[in-house]
């Protein structure tokens, strides 16, 4: 953690929500949280960007898997992408709630 001040519980909660809400609404929740809180908290900003980048990546992976479903392999890829999406979101949410940094594997960095 590079911030000098200790994290407030509100910052941890917002960072956690940036990850968890994406289970239900995809990249919309991390985008809104990041846009609202990016100037108030560096911690929430980092987690919001990380969740946003990962959800955009997952959307791309799902789109590719859907096209590949015509060749059967896409069905298995889609199941794997959705399963990993859920697992990585839970890990990220726990890390955020503990005040730790987290970088999603397989994430393309669109927002820097």
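All of the numbers you see were taken from the coordinates with simple rules; none came from a lab. What you see is a predicted model; the values in this text were computed from it and never measured. We place every Cβ from the backbone using ideal geometry, glycine too, and count neighbours over all the protein chains shown.
Overview of results
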quantity: Of all residues making up segment 67-84, the number that are in contact with a helix residue (DSSP H, G or I) (Cβ under 6 Å, 6 or more places away or on another chain) and either more than 19 Å from residue 23 (Cβ to Cβ) or in contact (Cβ under 8 Å) with a residue 60 or more places away in the chain (or both); calculated: 5
quantity: Test for residue 56: is it in contact (Cβ under 8 Å) with a residue 60 or more places away in the chain, within 29 Å of residue 9 (Cβ to Cβ), surrounded by 13 or more Cβ atoms within 10 Å (Cβ to Cβ) and under 15 Å from the mean Cα position of the chain (by Cα); calculated: no
quantity: Members of segment 10-23 found to be free of Cβ contacts under 8 Å to residues at least 60 places away in the same chain and either assigned to a loop (DSSP other than H, G, I, E, B) or within 9 Å of residue 97 (Cβ to Cβ) (or both), listed by number; calculated: 21
quantity: Check on residue 49, assigned to a helix (DSSP H, G or I), under 18 Å from residue 9 (Cα atoms) and touching a helix residue (DSSP H, G or I) at 6+ places or on another chain (Cβ under 9 Å); calculated: no
quantity: Evaluation of residue 6 against (1) over 17 Å from the mean Cα position of the chain (by Cα); (2) within 14 Å of residue 107 (Cα to Cα) (one fails), failing number; calculated: (2)
quantity: Residue check, residue 108 free of Cβ contacts under 8 Å to residues at least 12 places away in the same chain and either under 28 Å from residue 8 (Cβ atoms) or in contact with a helix residue (DSSP H, G or I) (Cβ under 9 Å, 6 or more places away or on another chain) (or both); calculated: no
